[in-house]
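A short write-up of the structure that comes next.
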C-alpha cells in the first residue's frame, strides 16, 4: 500500500515539474530541423522541460488566421509563436510583456533598436527579434561593366542605367530582357516596395508617430506623389507590364534566369542567386536601394523579419520566454546566419569573426542598411494595420496599372486612412 | 395536415402512412443528428455575429448593432458623371472621346462615404455606381458572372463528354481516364499549375505558345489585366469541374432504359429527335441536381480566387476571408457570409422552381 | 452528299471534338509533369521549353523522401475514404426516405439539408473551432483528430450525397416498390434488396465525387491538424513543402507532389471503373 502511495506521489511530483511548451516555427525547409535541434540542446540543459516543435503554415495569411483563431479561443495550446514584423501591434493584447521575464531587460539593448521599438507596444516588449530582413538592390556587375555604368545611387540613375542595358541586351537578341524587376502585385509586398520609394524620396512613412506620441497621416504629399509617378513610369518601359502581378518569386525567377539588370528583393535571393543552377551566379552584387531627389531623400529599405512572442494564455510563459531568449542569443544567431543565411538582430553578431569567415560575410557589409531599415507603420496603426496596408497597396497598385493618377489615389487613400484610424492628416 | 383533409381514404391508409412516416424519420435520423450536432452551432453563430460589431481575436467588447453591417455592405447609389469642361466651358475631348469628371466629385461622403464600384454609359451619358463597400459589391458581381458563365460552359462540355463516353469509340478508355485527371488534382495545386501556365512572360506556357504563333508580344498579362482575368479563371474552373458534370450525367444516362430508344428507332426518330425527346428530358433531374451543387459551389469559390488573384480581385468568399483575417471585422465578415447565404438560397430556389427537382 | 459521306464527316468532327477536349483536360497535367522534370534553371527560363532539355528526378526524390508528405497521403486516404463510406451509408437511408417515402416535412427537410452547405467555409470556421474544442475537451471520449476531420467533412459531403441519391431513388419506378410491398417485404428489405442494387452506379459516382471533395479540403484540415502534424492530410502537407530559404517557393517540388498524389487516385478509380463503373455505361444511350 505504501509503495503505491509513494509511486503515486512521485508521479504527481513529476507531473507538476514537467513543463511542456508548444512552439510554432516557420515553414522554410530547414526551420523544423533547426528548431528541433535547438530544442534538444535546450532540453539537455533543462531536464523537466519538453518542447514540441510544430511546423507553421506556409502563407502569411494562413498563418495569421491560425494565430488569430488560437487567440480568439484564448487557447493556451501554443505557447511560443514566430510572428511577422508587422504583427506585434495587432496581436499585442494576446502576448506577454517580455520585460517581465528574466534576462530581457539586460538583453534588449543589444538588439537593433528599430526592431525593438517596432515590437514595443505601450511600453510592453511583445516580441524578441529573431531574424531581420530589409529590401536590397541587386545589380548585374557584368552588365554594368559591359555598358560602363556604375552602381546607381538614385532612382533616376537606376532608371537610366536600366534603360541603357535593356536596350543594349534586346538589340543583341534577347527579347525577354528587362531593366528592373520588383514586386508590384497588390499584396503586402507592394506596401514594402512602395514604402521604400516614398520614404527614399522624402515622402515620409505613411503614418508617423510624432515626438509627443500623437500620430499623423503623412502620405498625401508631393514627394510621395512624385515617387509613385516615377514607379508607374517604369511599368511597361524598364519593367514588364506583368510586374503588377509580381511577388518576390516572380521577380527572382526573371532575375535568376539572367533576364534582368536590376532587382529589388530581400536578402534570401542572394544565396539562391549564387546557387549551382543559377544563370547569374558570381555575376551580381547587392547594394542599398537608391534614393530619390526630393527634399529629405535618403536610402530606405523596408524592415522585414520575424519575432518570437509568448502567448498570454500559455501555462508556462516563463519557460517559453526563456527558450525564446536562448534562440536569440549570440551563438544561436550566429548559427542561424551561417547555416541558414538568416540575418541576425544583434549588432555584435555582425562583427563576429566566425561570420566574416563564412559564406554569409556579405551581411556585415550591409549592417547600416539593416539597422536603418524603415518599419512599416504597423505599430502606429494597430490594430488596423493590415487594413491600412491594404488601402495603401491598393492605391499604389491602381497608380501602377494606370487606373488612377497618383494625386487622386493618394488623396483618396488619405481619406480612407482618416476614417479607418481617426488620426489627423498632415495638412 | 394534407392527410387529415382527405378524410375517408386517408384514414384507411393512415396506419400504413403513419408507419411510412415513422420509417422515414428513422432513416433520416443519423444524417440529421450529425448535421445538427456539428453544423448548427457554427451556422447559428454566423447569423448572430452578423448583427454585432465583434472584432476577431480582440478584447474589445462586442455590441449589438442591428443591421448596420448589412447597411455598410449593401448601400449603393447611382450618379451621373458630369462632362469635364475646360476653361472656355467646352467639353474636354481626348482621343475623340468626351472626358468625364472623376467619381470623387459626385458620390456622397456623408454620412457614409461611397466609393466607385462600376462606371457605365447609357444613352450617351455616363453613370457611376457607388457603394459604401465597393470591394464587396464588385466581389458579388464578379462571383455571379463567374458562376453563370463557368457553370454554363461546364454543363455544355460535361454533357458532350458524357454523351461521347456513352457510346463506344476508339480511345474511350483513355478518355475516361483523362476525364478524371483534373478532378483528382487538389484545387490548391491545380490553381498553381494554371497560374504557372498563365505567367506574364515567355516562361509561361500560354505566352510561349502565343509567341510561337505570332500572337501578342509574349508578355500578355493574363491574370492582372482586368479584361483577361475573368476568361482566364473561368478556363481554369471549367477544366477542373466539367468532369464532375460529366460523371454525374453519365450516371444519369445509365438509368435511361434502352427500350425507349429502341421504340423510338422503330418510329424512325433521328438522333437529334431522340436526344431532345428522350435523353434530355430524362436527364433533366440528374442535371438539375448537378447544376444546383455546381452553382452553389462556384458561388462559394475560394481556393481558386485565393491562389490566382489574391487581393487583386475578390470572390465573395475571399472577401469574407479578407474581412475576417486582415480587417479582423468579424461582424462584417459574418454579414457578408449571410448575404452569400441568401444569394445562394435565391439561386437554389430558382433552380428548384424551374427544374422542379423538389417536386 | 450521300448518307455514307455525311456519316464519315460526322465521325471526323466527333473525333476532332474529342481530341480537343482530351487535350484541354490532360495538357495541364503534362505541363506539371515536364515542369517537375526540369532543372530549376530551365524551369524559370524564357521562352519555356515544351519538352525538358535535361531531365532531373530531384523534385520527385525530394517529395518521396518527405515523410510528412507520405504520411499525408495515408491520412488523406483514411479521411476521404471513411467520409465517403459513411456519407454513402447514412446518405442512402436519407435519400431513400426523401426520394421514395411520403411524410410531412419532406420539402423543408430537403431545404434545411441544402442550407447546410450555403455558407463559405471561412465563415463557419470560428464556430466550428469552438465545437471541435468542446468535443476534444470531453477527455474520456478522446476523439482522434482524424475522426473529427471525418465528422466535419461528412457535414459538408452529406447534403450533396443526400440530394444526388434522393434524385436517383426518385427516378426508380414506383412499380418496383409496390411489387415488393405486395410480396410482403418491409421497407428496409425493399431498400436493401431492390433499391440499393439498382442505384449502384449512382452510389459509385456520388462516392467518387464525395471522396474527391474531402480529398481536396484544405482550410479545415489546416486548422484542426496544426498541433498534430501526424494527422495532416495531403493538401496541408503540400502547403508545407517549403523552400530552403524564406519566401522561396519550390515550384518543381509542388508539381512533382501534384503528380504523385494524382497517380494513386487515378489508379484507384481505374480499378473501380473496370469493376463497377462499367455499370455506368452498360445501359447507356446508343448513338
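Here are some notes:
- In chain A, the calculated helix contribution to ellipticity at 222 nm averages -13000 deg cm²/dmol per residue, counting -39,500 (n - 2.57) for every DSSP H run with n ≥ 4.
- Dividing the mean sequence gap of close Cα pairs (under 8 Å, 6+ apart) by how many residues chain C holds gives a relative contact order of 30 percent.
- Between 0 and 90 degrees, the angle of helix A:222-234 with respect to the longest Cα principal axis of chain A falls at about 70 degrees.
- Helix A:2-17 vs. chain A, principal-axis angle (Cα, 0 to 90°, nearest 10): 20 degrees
- Calculated diffusion of region C:106-178, Stokes-Einstein form, Kirkwood radius summed over Cα pairs, 20 °C and 1.002 mPa s, µm²/s: 145 µm²/s
- Computed over the protein assembly as shown, Cα set: Rg, Dmax in Å: 31.2, 107
- A simple spin-label model places pseudo-atoms 7 Å from Cα toward Cβ; at residue B:90 and residue C:15 they are separated by 6.7 nm.
- In this label model, residue C:58 and residue B:353 are separated by 6.1 nm, measuring between points 7 Å along each Cα→Cβ vector.
- Inter-part distance where region C:171-218 and region B:300-359 are each reduced to a Cα centre, Å: 32 Å
- Counts of other chain beta carbons within 10 angstrom of each beta carbon in peptide C:98-107 average 5.
- Scattering profile of chain C at q = 0.08, 0.09, 0.14, 0.16 Å⁻¹ [log10 I(q)/I(0), Debye over alpha-carbon scatterers]: -0.51, -0.63, -1.17, -1.29
- Pairwise label distance in nanometres, residue A:351 with residue A:37, each label 7 Å out on the Cα-Cβ vector: 2.7 nm
- C-alpha long axis of helix A:330-340 to longest principal axis of chain A, angle in °: 50 degrees
- Between region A:118-141 and region B:189-259, the alpha-carbon center distance in angstrom: 40 Å
- Cβ neighbours within 10 Å from other chains - mean over B:342-351: 2
- For region A:256-285 versus region A:203-226, the gap between their alpha-carbon centres in whole angstrom: 34 Å
- Percent of Cα-Cα distances greater than 26 Å, calculated over chain B: 68 percent
- Between residue B:215 and residue B:112, the FRET efficiency from the beta-carbon distance, with R0 = 30 Å, is close to 0.05.
- Between residue B:97 and residue B:169, the C-beta separation translates, for a Förster distance of 60 Å, into a calculated FRET efficiency of about 0.65.
- In terms of surrounding Cβ atoms within a 10 Å radius of their Cβ, A:250, A:122 rank from fewest to most as A:122, A:250.
- Region C:1-56, relative contact order [Cα under 8 Å, separation at least 6], %: 26 percent
- Legend: ranking of residues B:83, A:116, A:181 from fewest to most surrounding C-beta atoms inside 10 Å; resulting order B:83, A:116, A:181.
- Sum of -39500 (n - 2.57) over DSSP H runs of 4+, divided by residues of chain C (222 nm, nearest 500): -23000 deg cm²/dmol
- Gain in span if fully extended, residue A:215 to residue A:122, counting 0.36 nm per residue against the direct Cα distance: 32.1 nm
- Shape metrics for region C:1-56, restricted to C-alpha atoms - Rg then Dmax, Å: 18.6, 57
- For chain B, the mean residue ellipticity at 222 nm estimated from helices alone is -20000 deg cm²/dmol, where every DSSP H run of n ≥ 4 contributes -39500 (n - 2.57) and the total is divided by all residues, rounded to the nearest 500.
- Alpha-carbon Rg/Rh ratio, for region B:76-132, with Rh computed the Kirkwood way: 1.02
- For the peptide A:67-73, the mean number of other protein chain Cβ atoms found within 10 angstrom of a residue's Cβ is 6.
- Sorted by Cβ neighbour density within 10 Å, fewest at the top, the residues A:98, A:327, C:151: C:151, A:327, A:98
- Efficiency of FRET between residue A:405 and residue C:175 - r from beta-carbon atoms, R0 56 angstrom, step 0.05: 0.15
- Chain B, relative contact order [Cα under 8 Å, separation at least 6], %: 20 percent
Each value in this text was obtained by applying a stated rule to the coordinates, not by laboratory testing. Bear in mind the structure is a predicted one, so any value in this text is a computation, not a measurement. Cβ: placed from backbone, ideal geometry, glycine included. Neighbour counts: every protein chain shown.
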